[in-house]
Amino acid sequence: MAARTEQEERAEVSAPPVRRAGRHPVAAVVSLFGELLITGGLVLGLFVVYSLWWTNVLADREAGKQGDTVRDHWAQGRGPGELDTKDGIGFLHVPAMKNGEVLVKKGTDTATLNNGIAGYYTDPVKSALPEDEEGNFTLAAHRDGHGARFHNIDKVKKGDAIVFETKDTWYVYKVYAELPETSKYNVDAIAPVPEESGVKKPGRYITLTTCTPVYTSKYRYIVWGELVRTEKVDQDRTKPAELR
């Protein structure tokens, strides 16, 4: 082997040491932060799927079971009555919403509405019931998630039909007013005589309420209707013309 020159030996001694490959501390922090953002995004995405899709699936199943219970009672000759209000008093049909039949039960608490049904108010203003000679039958349901029974409330317009079905009677209402946005604390909207809707005297009214805008609960969307007629339920439970 040839002897190294003096110049080569000096160059070897003065050469800088070779550093091991590794990430800069700042790069490591940025990478970790990015991974946390991705994980957080996945968790948030799963939560949205749960809230807006899976809760609907669960609520539809539960509402179906509860609705079947009510119809079984009717088949056995049992009406809702005072003792059966916990099971449900009947079914709401709003063709413009395209949401099928909606079981209606007593109360508007979250636990009740989360089952994919509508509830009638017991407070802050007590609801009338359809069979009452006068008053306001006031209902609430979710607009998004948990069945979203009133999701398409904005499709309901003046002149549209709202039908409530009980064991023995069809109650047919006609929409006469809508309020796309009002305070969640506006109890006048569900008053026995809802003057905010334009009426001034007692009658037989129905009021639908839900949250708005979509995916929020900041305000309330209101639809008012007035009873135009009733029909006795026949043996075949033939639907009124508005539902055919």
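The values are calculated or read from the model by the stated rules, or taken from the named source; none is laboratory data. What you are looking at is a predicted structure, and each value in this text was computed from that prediction instead of being measured. No Cβ is skipped: glycine too gets one built from the backbone with ideal geometry, and neighbour counts run over all protein chains shown. Only protein heavy atoms, including side chains, enter the accessible area calculation; ligands, DNA and RNA are left aside. Shrake-Rupley method; radii C 1.70, N 1.55, O 1.52, S 1.80 Å.
Tabulated results
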item	result
Solvent exposure ordering (accessible area, 1.4 Å, most first) of V193, V163	V193, V163
Cleavage-rule hits (trypsin sites (Lys or Arg not before Pro)) in segment 202-242: DSSP loop, at most 11 neighbouring Cβ within 10 angstrom	K218, R237
Two-site FRET efficiency, D188 against R229, from Cβ-Cβ distance with R₀ of 22 Å, rounded to 0.05	0.20
Solvent exposure ordering (accessible area, 1.4 Å, most first) of S217, S197	S217, S197
Formal net charge of residues neighbouring K184 (Cβ-Cβ distance under 9 Å; K, R +1; D, E -1)	+2
Sequence ranges 60-67, 113-120, ranked by mean other-Cβ count within 10 angstrom, highest first	113-120, 60-67
Efficiency of FRET from Cβ geometry, S217 and D132, R₀ 45 Å, rounded to 0.05	0.95
Loop-located trypsin sites (Lys or Arg not before Pro) in segment 89-173, at most 15 other Cβ atoms within 10 Å (DSSP)	K98, K126, K157, K158
L58-T238 pseudo-label distance in nm [points 7 Å out on the Cα-to-Cβ vector]	4.3 nm
Anchor K201: lysines whose Cα lies under 22 Å away (excluding residues fewer than 8 positions away in-chain)	K126, K158, K174
Accessible surface, segment 166-244, averaged per residue in Å² (probe 1.4 Å)	55 Å²
Most to least accessible of E196, E165, E231 (protein chains only, probe 1.4 Å)	E196, E231, E165
